[in-house]
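Below you'll find the structure, written out as C-alpha cells, and then a few comments.
The values are calculated or read from the model by the stated rules, or taken from the named source; none is laboratory data. All of these numbers come straight from a predicted model, not from anything done at the bench. Cβ placement follows ideal geometry from the backbone for every residue including glycine, while neighbour counts extend to all protein chains displayed.
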Amino acid sequence: SAVISQKPSRDICQRGTSLTIQCQVDSQVTMMFWYRQQPGQSLTLIATANQGSEATYESGFVIDKFPISRPNLTFSTLTVSNMSPEDSSIYLCSVVSATNEKLFFGSGTQLSVL
Amino acid sequence: KQEVTQIPAALSVPEGENLVLNCSFTDSAIYNLQWFRQDPGKGLTSLLLIQSSQREQTSGRLNASLDKSSGRSTLYIAASQPGDSATYLCAVSSAGRRALTFGSGTRLQVQP
C-alpha cells in the first residue's frame, strides 16, 4: 500500500489569505487527485494532478481558486486561494497505487476560514 | 454523469448482529468499485476493491458483492463489533476515468 504524508493536518486561516497543502507519497503512483469534503457531506473531486502539466479540473473548480502543482510522480500541492468561510472543508490527497490499482488517501487537511 | 447512492444514511445495531450496507450507481460502465471506512477526524481506509469483472471480494468479516448490470453493490459485515462504528463510503470509477465518484455514506454505530 502507498503511504501518503499530507500537511498541514489542520489550519485556521483568515478570510482573503491563501493556504498551500502538500502531499508526499512514498512509492510510485499512477495518478494523484485532490478531493474536498465539506461538513457533513461526502467527497467531491476537485482535480486530477498531472505531472509536469496543468491539472484537470472538475466542473465548478477553477485553477485561479485552486492552483495545483505536481512537479514529479510522488509530490503534489494544492493551494486554496483568496479564502472565504465557504472554503472551510477537509481537503484530501489521494493516489492510485501502481501495484494494485487501489485508491489510497492522505489523512486530510482540516481547514477553517474565519 | 455517474451518481452513487447509499442506503441507509445511518444505522445503529447491537453488537454481534450481521448487517448489510447498500450502494447503487447509475452508470454500469464502471472500472471498479471500492468500499472505504472513514473515522471521525481521520482519513479514509480502503476496505475492499472489486474489479468490474468480479462478483465479490472478502476480507475477514467483510464481504462486498457487485452486480454491475443492476448497478448495485452490498457490503456485508458479519458479527459486528463496536470498533466497526464509522462511516462507510462506496465509490466507483468509471471506464476511462480513474477518479472515484463517492456516495454520501452510511454512518454505522454498533452498540456494545
Take segment A:5-33 and flag every residue that is over 24 Å from B:Thr5 (Cβ atoms), surrounded by 15 or more Cβ atoms within 10 Å (Cβ to Cβ) and among the hydrophobic types (A, V, I, L, M, F, W, C).
A:Cys13, A:Leu19, A:Ile21, A:Cys23, A:Val25, A:Val29, A:Met31, A:Met32
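Residues B:Tyr88, B:Tyr76: which one is under 10 Å from the mean Cα position of the chain (by Cα), farther than 24 Å from A:Cys93 by Cβ, modelled with pLDDT of 95 or more and not in a helix (DSSP H, G or I)? If you could, list the steps in order and put the result at the bottom.
On the way: B:Tyr88 fails: farther than 24 Å from A:Cys93 by Cβ.
It is B:Tyr76.
Collect the residues in segment A:34-43 that are surrounded by 14 or more Cβ atoms within 10 Å (Cβ to Cβ) and modelled with pLDDT under 95, keeping them in residue-number order. Can you show your working first?
Kept after step one, since they are surrounded by 14 or more Cβ atoms within 10 Å (Cβ to Cβ), are these residues of segment A:34-43: A:34-37, A:42-43.
Those that are surrounded by 14 or more Cβ atoms within 10 Å (Cβ to Cβ) and modelled with pLDDT under 95: A:Gln37, A:Ser42, A:Leu43.
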Those residues of segment B:42-76 that are touching a strand residue (DSSP E or B) at 6+ places or on another chain (Cβ under 8 Å) and either among the aromatic types (Phe, Trp, Tyr) or within 14 Å of chain A (Cβ to nearest Cβ) (or both) come to a total of 15
Within segment A:23-50, which residues are under 18 Å from A:Val113 (Cα atoms) and in contact (Cβ under 8 Å) with a residue 24 or more places away in the chain?
A:Tyr35, A:Arg36, A:Gln37, A:Gln38, A:Pro39
Check A:Ile21, A:Ile63 and return the single one that is more than 9 Å from chain B (Cβ to nearest Cβ) and part of a loop (DSSP other than H, G, I, E, B).
A:Ile63
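Residues that are buried (at least 16 other Cβ atoms within 10 Å of the Cβ), at least 3 per element: which strands (runs of 3 or more DSSP E) completely within segment B:1-73 meet that?
Values: elements: B:4-7, B:10-14, B:19-25, B:30-38, B:44-51, B:56-59, B:62-67.
Qualifying strands (runs of 3 or more DSSP E): B:19-25, B:30-38, B:44-51, B:62-67.
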Among (1) within 14 Å of chain A (Cβ to nearest Cβ); (2) more than 21 Å from B:Gly83 (Cβ to Cβ), B:Asn22 falls short only on (1)
Where A:Gln6 falls short, out of the listed (1) away from chain B (no Cβ under 11 Å); (2) in contact with a Gly (Cβ under 8 Å, 6 or more places away or on another chain); (3) not acidic (Asp, Glu)
(1)
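If you take the residues in segment A:1-18 that are in a loop (DSSP other than H, G, I, E, B) and at pLDDT below 95, which one is farthest from A:Ser94 (Cα to Cα)? Spell out how you get there, then give the answer.
As a first pass, look at segment A:1-18 and keep what is in a loop (DSSP other than H, G, I, E, B): A:1-3, A:8-9, A:14-18.
Checking the rest, the ones that are also at pLDDT below 95 come to A:1-3, A:9.
Values: A:Ser1: 12, A:Ala2: 10, A:Val3: 10, A:Ser9: 15 Å.
Selected residue: A:Ser9.
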In segment A:71-101, what residues are assigned to a strand (DSSP E or B), crowded, with 20+ Cβ neighbours inside 10 Å and not aliphatic (A, V, I, L, M)?
A:Ser76, A:Ser89, A:Tyr91, A:Cys93, A:Ser94
Taking A:Ile90 and the conditions (1) under 10 Å from the mean Cα position of the chain (by Cα); (2) more than 20 Å from B:Cys90 (Cα to Cα), which numbered condition does it fall short on, given that it satisfies the others?
(2)
Residues in segment B:75-85 that are crowded, with 17+ Cβ neighbours inside 10 Å and more than 18 Å from B:Leu100 (Cβ to Cβ) total 4
